[in-house]
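J.: One structure follows; several queries about it will come next.
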């Protein structure tokens, strides 16, 4: 990440925070002897692989935007990364998207077999709630965070979006359906990441609404850019195979809107997200810089 | 269930409570339009199939043993059944135990395909935490319940036990390892079911310790009886294929201890569980009757 906005140095901040997130994730998965070694290895293989940590970064930035130090939101940040990683592990399975590369290395099932990959995903999903329930304080906030996180990961959001995404393969391109899928498959977890940061910071309803406005726009922009990168990017840059969406008959924004219109929409959505970040005044600089970075991934 | 103990009519109570549990589970899975129809059907197929509802029954009985009305514990009871069902759906997958029958009907993947079955399990696991976080009151209790439930479902308990169970196939029979697997694979969820009932009833630490003592014994007895039924039962009685443990080279209590010694141990453990239930006085009659029922399944 290299974008800067005003006096906010995104590169420096995200580097520091990424270290903090990675260290905490490593600590959470430093399991005792009751966790089978192969399971622990499979979990750590997927969770600790170098990643952008976009979602946990959003948790921390939202927490700071609402006036708290980012440290308070580290457990919630780790929980969303655990759920994100679980969803990647399960999406990569042979019965789903059948991907053998992820984050620049063999995907979980490619390295540890299907049974262990299924269980590694299951374990991360459960542990995410243990982390939030136990380490978010005070308990009333922990309960609300658990509820919102579970809803975002549940049958009408993350899981429902993935089910519809699988079903939409080789279907007719359809913008409304495509947006509906990604609002749930990608958008819900991005949104709840921001809300968890806000909840930890005891945000007002007005602040939470600003985070929703920012997240709704950023989430869609992120997905459009992700689709563009799959068309245009290289496996070296992305750490996963490219051109797979088209091979698989997946409905994507470039396929539905064309490349140029997809790029224009992403730009427009990022501008709108930056606008929403402005509601936090100077404290929103991190969120604004992160939105700009999402768009710049495509340059 | 037909056992009775003193004036406590287990059959009548469990029938009433089973209706209440089933109605609440049906309500929780009466999804809106954002949940894909096939996913919703797969979830309901597995969750609402006729079952003993042993774990939710334990939640309700523990709640009453600790002095609250069982109604207060219905959300927690539904959550443990959701997690139990998710674990059955995933355990039945081709990459795991590869079972095509469950609860007297086709298993989830046999009917809806692997991808949908994986997602149905994922959705139930997430939703269980939504239910606890949202519907258990007050929020401090909800947070503690989420934390304990997540720990029991996580990498060192339910998931770790399943991983070790898969790895132990065709291994040397070994009582210590077998007990270690089932303490985590079956025992942890039985234990936490009881503790959730206690926590909802604002139980004292002493009451929670009595529930732990009861649960540790009952959980192991239950697993021994389950293994015995797999050797001796019929598919009609169980709603799933029998004799599969042996075909699959699974380590079971009858294989390690022999039939007679397995029966003796189950009896002994049930007696010890009933003893622990006695610490609740007359309010423990339900727990005692349920322990007796677990043993009688084998007659």
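J.: How big is the protein assembly as shown in terms of Cα radius of gyration and Dmax, in angstroms?
T.: Cα radius of gyration and Dmax of the protein assembly as shown are 24.5, 78 Å respectively.
J.: Between copies, how far does the label point of residue A:71 sit from its twins, in nm, shortest first, when each point is 7 Å from Cα along Cα→Cβ?
T.: 4.7
J.: Another question, then. Let me confirm one metric for peptide B:134-142, namely the mean number of other chain beta-carbon atoms within 10 Å of its residues' beta-carbons.
T.: Mean partner-chain Cβ count within 10 Å for B:134-142: 4.
J.: Highest first, please rank the peptides A:133-141, A:195-203 by the mean number of other Cβ atoms sitting within 10 Å of their residues.
T.: Ranking the peptides A:133-141, A:195-203 by packing returns A:195-203, A:133-141.
J.: Can you figure out the FRET efficiency of residue A:169 with residue A:267, using R₀ = 35 Å and their beta-carbon distance, to the nearest 0.05?
T.: For R0 = 35 Å, the calculated efficiency reads 0.80.
J.: Using a 10 Å cut-off around each Cβ of peptide A:92-104, what is the average number of partner chain Cβ atoms that fall inside?
T.: 2
J.: Mind sorting A:71, A:206, A:295 by how few other Cβ atoms lie within 10 Å of their own Cβ, fewest first?
T.: A:206, A:71, A:295
J.: Please report, for residue A:206, the nm distances (one decimal) from its label point, 7 Å out from Cα along the beta-carbon direction, to the equivalent points in the remaining copies, shortest first.
T.: For residue A:206, the other copies' label points sit at 5.2 nm, shortest first.
J.: Summarise the partner chain shielding of B:109-122 as one whole number: the mean count of Cβ atoms from other chains within 10 Å of each residue's Cβ.
T.: That works out to 5 on average.
J.: How far apart, in nanometres, would the label points at residue B:37 and residue B:275 be if each is projected 7 angstrom from Cα along the Cα-to-Cβ direction?
T.: Distance between the two pseudo-spin positions: 5.7 nm.
J.: In deg cm²/dmol, rounded to 500, what helix-only [θ] at 222 nm does chain B give when every DSSP H run of at least 4 residues adds -39500 (n - 2.57) and the total is split over its residues?
T.: It lands at -21500 deg cm²/dmol.
J.: Calculate the FRET efficiency for residue A:23 and residue A:283 from the Cβ-Cβ distance with a Förster distance of 22 Å, rounded to the nearest 0.05.
T.: Taking R0 as 22 Å, the efficiency between residue A:23 and residue A:283 is 0.30.
J.: Sort the following peptides by mean Cβ neighbour count (other Cβ atoms within 10 Å, averaged over residues), highest first: B:286-292, B:273-279.
T.: B:286-292, B:273-279
J.: Along Cα→Cβ at 7 Å, what distances in nm separate the residue B:111 label point from those on the other copies, shortest first?
T.: Between copies, matching label points for residue B:111 lie 3.7 nm apart.
FYI, it's all coordinate maths here, none of it is from the lab. All figures in this text were calculated on a predicted structure; none of them were measured in a lab. Note that each Cβ is placed from the backbone with ideal geometry, even for glycine, and that neighbours are counted across all protein chains shown.
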